[in-house]
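Structure first, then comments.
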Amino acid sequence: MRGFISFIDEMNTWIGKAFGWCVFALTFSVVIEIGARYFLNKPTLWVFDFSIQMYGAMFMMAGAYALVTQSHVRADMLYRKAPIRFQASSDLILYFLFFFPACIAFTYTGFNYASKAWLLKETSWNSPAQIQVYAFKSLIPMAGILLVLQGISEVFRCVLALKEGEWPVRFIEEEEIEKILIKKK
């Protein structure tokens with residue numbers, strides 16, 4: 001179990017960080033658009049669609065990374081003060097009741113959505129550039145699969161926490177500023 005947890009955590013961390021670099025492509029394309037539009041009076045046809053695709057790619061592919069780093073929003077006012085076995089058992093129940101059904105539905109629907117886009121060689125409907133979007137839509141089921149795999153990893157964490165009475169260590173390189181400031185006090 002620990003090997004699977006480690007492998008999936010590292011994979012989703014690497015993928016999340018890799019797609020984080022999309023912010024540079026997004027920023028660079030917007031700078032090009034601003035320069036072309038305001039200084040050369042020649043707006044581009046492709047930047048609007050490109051920026052939507054870059055932002056969408058970052059958002060979708062960061063889901064599993066957020067789960068690895070525990071960055072998702074949760075109401076943990078009572079949760080964090082509860083015993084570890086209660087946390088693990090409630091997480092386990094909630095993963096099976098809500099998380100997995102939603103992620104599997106997301107993956108299945110995304111696969112159908114992407115496969116239709118590939119069959120039609122779908123292009124953007126709201127741009128004169130007619131940018132191809134079928135490759136971008138393939139990220140939808142991929143993001144769902146990564147979320148399911150990370151969910152399995154989290155379930156294994158819950159099982160280990162129930163057995164051992166403590167959470168397995170997470171190997172997180174970055175830490176939120178709020179947590180760093182709390183530790184300094």
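Values in this text are rule-based calculations from the coordinates and carry no lab data. Model, not experiment: these values are computed from the prediction. Here Cβ is always computed from backbone atoms with ideal geometry, including for glycine, and neighbour counts include all displayed protein chains.
How would you rank 72-80, 101-109, 39-47, highest first, on the average number of other Cβ atoms within 10 Å across their residues?
Going from most to least packed, we get 101-109, 39-47, 72-80.
Ranking request for peptides 27-36, 141-150: highest mean number of other beta-carbon atoms within 10 Å first, then the rest in descending order.
141-150, 27-36
How compact and how long is the chain, expressed as Rg and Dmax of its alpha-carbon atoms in Å?
Considering the chain through its Cα atoms, Rg and Dmax are 20.2, 66 Å.
Give a residue-ordered list of calculated ³J(HN,Hα) values for the range 57-68 (Karplus: 6.51 cos²θ - 1.76 cosθ + 1.60, θ = phi - 60°; whole Hz; x for Gly, Pro).
5, 4, 5, 5, 7, 8, x, 5, 4, 5, 5, 4
Which ³J(HN,Hα) values, rounded to whole Hz and listed in residue order, are derived for the range 105-114 from phi using the Karplus coefficients 6.51, -1.76 and 1.60 in 6.51 cos²θ - 1.76 cosθ + 1.60 with θ = phi - 60°, glycine and proline given as x?
Rounded to whole hertz, the list is 5, 4, 5, 4, 5, x, 5, 4, 4, 5.
So who's got an amide H within less than 5 Å of the one on Q132, skipping anything under 5 residues away but keeping other chains? H placed 1.01 Å off N, in plane.
S124
Testing the spin-label approximation: label points 7 Å from Cα along Cα→Cβ at S127 and A82. State their distance in nm.
4.5
How about the range 111-154: which chymotrypsin sites (Phe, Trp or Tyr not before Pro) there are in a DSSP loop, with at most 11 other Cβ atoms within 10 Å of their Cβ?
W125
Can you tally the lysine pairs in the chain where the Cα-Cα distance is under 26 Å and the two residues are eight or more apart, or on different chains?
Lysine pair count for the chain: 10.
Before anything else, pin down the relative contact order of the range 6-74: Cα pairs under 8 Å, at least 6 apart, normalised by residue count, whole percent.
Relative contact order comes out at 47 percent.
Express in nm, to one decimal, how much length is gained between A18 and W167 on full extension, taking 0.36 nm for each residue of separation and deducting their alpha carbon distance.
So the extension gain works out to 50.9 nm.
Work out from phi, with θ = phi - 60° and the Karplus expression 6.51 cos²θ - 1.76 cosθ + 1.60, the ³J(HN,Hα) of each residue of the range 28-34, listed in order in whole Hz, and give x for Gly and Pro.
Karplus values, whole Hz, x for Gly and Pro: 4, 5, 5, 5, 4, 4, 4.
Which length gain, in nm to one decimal place, applies between K42 and Y134 when the Cα-Cα distance is subtracted from 0.36 nm times their residue separation?
30.4 nm
Testing the spin-label approximation: label points 7 Å from Cα along Cα→Cβ at N112 and K183. State their distance in nm.
My value for the distance between the label points is 4.6 nm.
Considering Cα pairs under 8 angstrom that are at least six residues apart, work out the relative contact order of the range 64-185 and quote it in whole percent.
Across the range 64-185, relative contact order equals 32 percent.
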